[in-house]
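Q: Right, I'll just put the structure down here and ask away after.
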Amino acid sequence: MKTNWKKIIRTLFLLIGAVILLSFILHQGITLYEQKKYQAPGQLVEIDGRSMHVYTKGEGEHTILLLSGLGTAAPVLDFEPLVNELSKNHKVVVAEPFGYGWSDGTKQARTVENMVEEVRTALKKAGIKGPYVLMPHSVSGVYSMYYANAYPDEIEAIIGIDPTLPKAFEYFNEKAPSVPSFVRAASVLGAARWAAVFTPEDFLPITGEGTYSEENLNMTKRIAAWKSYNKNVIDEANELNRNAEKTEVMTFPPHVPVMIFQAMDKDQKEKDEKIKAFYGDQMSPAEEHKLVSLTGHHYLHWTKSAEISEYTTEFLKK
């Protein structure tokens, strides 16, 4: 009996297509249901017809603005332990950029200028007055450098959590990784949702049990399914090299105090020393600056929130 390979291949492609279509329909339907059920915990403000989520907690003399790293699906949830610690003494704000958390997406390019202007507009519309203590994590260090130079009177201090600074790419002879556009298609079809179901550890904070509530972790998985590798996140990643090039000539303004938390790896002492030297050089224009080395991974706020809060309060007292 002769095997009809053309028929088998055609049937196989039809099955694959049916599975992809089913995944798309299920993912989009579940997402719509979840987004109606789980409302934003903070305030939604309108910018050019799109909603941006601004969350606040605590009161105090200083207003700390937390800025998340690239691809952090839900910044409000990711920063929760640090927000809880800092809000004991300060007013803490998390502005989720377009494409993140409960914020809408946008058609605007992910340039450093647009990213900063959108956050500034959101703060004004939410009635949150400066000056602000910028607390950037990771690539938000680039945006904070631009913010401090473009609007120095709005910034009280900068406290970075293992931040990526504009000159880092040249200093370490590296380039930001680009993200191919087909990744977005996979996300739209529900790939992130099913990955969060079968490999949740890839989407959740790496930290001790009890640091995050079960409610937080469940919500993190849901928002990862909504927002992972959406168009805004991909565009931001692919714009990062250009944003760094625009800001690499900038330095911290002399009057703005700067403190940086460096993530230290006991097994990479040579690399740690090089990073330490880089941060020291970058902070030198600031008249008041301090480097704090904490043992941990890049997401220090997952494991060192209490220490970060304590150092921050002491630094701001000066």
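The values are calculated or read from the model by the stated rules, or taken from the named source; none is laboratory data. The model shown is predicted, which means the values in this text are computed figures rather than measured ones. Please note: Cβ atoms are built from the backbone with ideal geometry, for glycine as well, and neighbour counts cover all protein chains shown. For accessibility, only protein heavy atoms count, side chains too; no ligands or nucleic acids. Shrake-Rupley method; radii C 1.70, N 1.55, O 1.52, S 1.80 Å.
Q: Among the residues of region 228-269, write down those that are under 30 Å from GLU310 (Cβ atoms), basic (Lys, Arg) and out of contact with any Asp or Glu (no Cβ under 9 Å at 6 or more places or on another chain).
A: Hit for region 228-269 is LYS269, nothing else.
Q: Right, here's the next one. Could you look through region 283-310, keep only residues that are of a type outside the set (A, V, I, L, M), touching a Phe, Trp or Tyr at 6+ places or on another chain (Cβ under 7 Å) and open to solvent by less than 50 Å² (accessible area, probe 1.4 Å), and pick out the one that is nearest to MET135 (Cα to Cα)? Break it down into steps so the answer makes sense when it comes.
A: Within region 283-310, the subset of a type outside the set (A, V, I, L, M) is 284-285, 287-290, 293, 295-299, 301-305, 307, 309-310.
The next check asks that each one be touching a Phe, Trp or Tyr at 6+ places or on another chain (Cβ under 7 Å); those that pass are 285, 290, 301.
If we keep only those that are open to solvent by less than 50 Å² (accessible area, probe 1.4 Å) as well, we get 285, 301.
Values: PRO285: 18, HIS301: 11 Å.
Out of the qualifying residues, it is HIS301.
Q: Does at least one position in region 105-124 carry a residue that is closer than 20 Å to GLU154 by Cβ, assigned to a loop (DSSP other than H, G, I, E, B) and more than 16 Å from the chain's Cα centre (by Cα)? So that I can check it myself, show each step before the final result.
A: Of all residues in region 105-124, those closer than 20 Å to GLU154 by Cβ come to 111-124.
Among the residues that remain, those that are also assigned to a loop (DSSP other than H, G, I, E, B) are: 111.
If we keep only those that are more than 16 Å from the chain's Cα centre (by Cα) as well, we get none.
Looking for residues that are closer than 20 Å to GLU154 by Cβ, assigned to a loop (DSSP other than H, G, I, E, B) and more than 16 Å from the chain's Cα centre (by Cα), one finds none in region 105-124, hence no.
Q: Given the condition at pLDDT 90 or above, open to solvent by 60 Å² or more (accessible area, probe 1.4 Å) and among the hydrophobic types (A, V, I, L, M, F, W, C), answer yes or no: does some residue in region 17-27 qualify?
A: No, that holds for no residue.
Q: I would also like to ask the following. For SER68, which of the numbered conditions (1) crowded, with 22+ Cβ neighbours inside 10 Å; (2) over 20 Å from VAL54 (Cβ atoms) fails to hold?
A: Among (1) crowded, with 22+ Cβ neighbours inside 10 Å; (2) over 20 Å from VAL54 (Cβ atoms), the lone unmet condition for SER68 is (2).
Q: Still on this structure: Quick one: PHE169 ticks every box in (1) over 11 Å from LEU67 (Cβ atoms); (2) modelled with pLDDT of 95 or more; (3) touching a helix residue (DSSP H, G or I) at 6+ places or on another chain (Cβ under 8 Å) bar one, so which box is it?
A: Answer for PHE169: the failing condition is (2).
Q: I've got another one for you. If a residue has to be surrounded by 23 or more Cβ atoms within 10 Å (Cβ to Cβ) and within 13 Å of the chain's Cα centre (by Cα) to count, how many in region 125-138 make the cut? Give the steps one after another, and end with the answer.
A: Within region 125-138, the first condition is being surrounded by 23 or more Cβ atoms within 10 Å (Cβ to Cβ), and the residues that meet it are 132-137.
In the following step, the residues that additionally are within 13 Å of the chain's Cα centre (by Cα) were identified as 135-137.
Number of matching residues: 3.
Q: Mind listing whichever residues of region 278-316 are touching an Asp or Glu at 6+ places or on another chain (Cβ under 7 Å) and part of a strand (DSSP E or B)?
A: Kept after step one, since they are touching an Asp or Glu at 6+ places or on another chain (Cβ under 7 Å), are these residues of region 278-316: 294, 298, 300, 305-306, 309.
Of everything in region 278-316, just one residue is touching an Asp or Glu at 6+ places or on another chain (Cβ under 7 Å) and part of a strand (DSSP E or B), namely LEU294.
Q: Now for a different question. Has region 96-105 got at least one residue that is hydrophobic (A, V, I, L, M, F, W, C) and in contact with a Ser or Thr (Cβ under 6 Å, 6 or more places away or on another chain)? Reasoning before the result, please.
A: Applying the first criterion (hydrophobic (A, V, I, L, M, F, W, C)) to region 96-105 yields 98, 102.
Checking the rest, the ones that are also in contact with a Ser or Thr (Cβ under 6 Å, 6 or more places away or on another chain) come to 98.
Yes, some residue in region 96-105 is hydrophobic (A, V, I, L, M, F, W, C) and in contact with a Ser or Thr (Cβ under 6 Å, 6 or more places away or on another chain).
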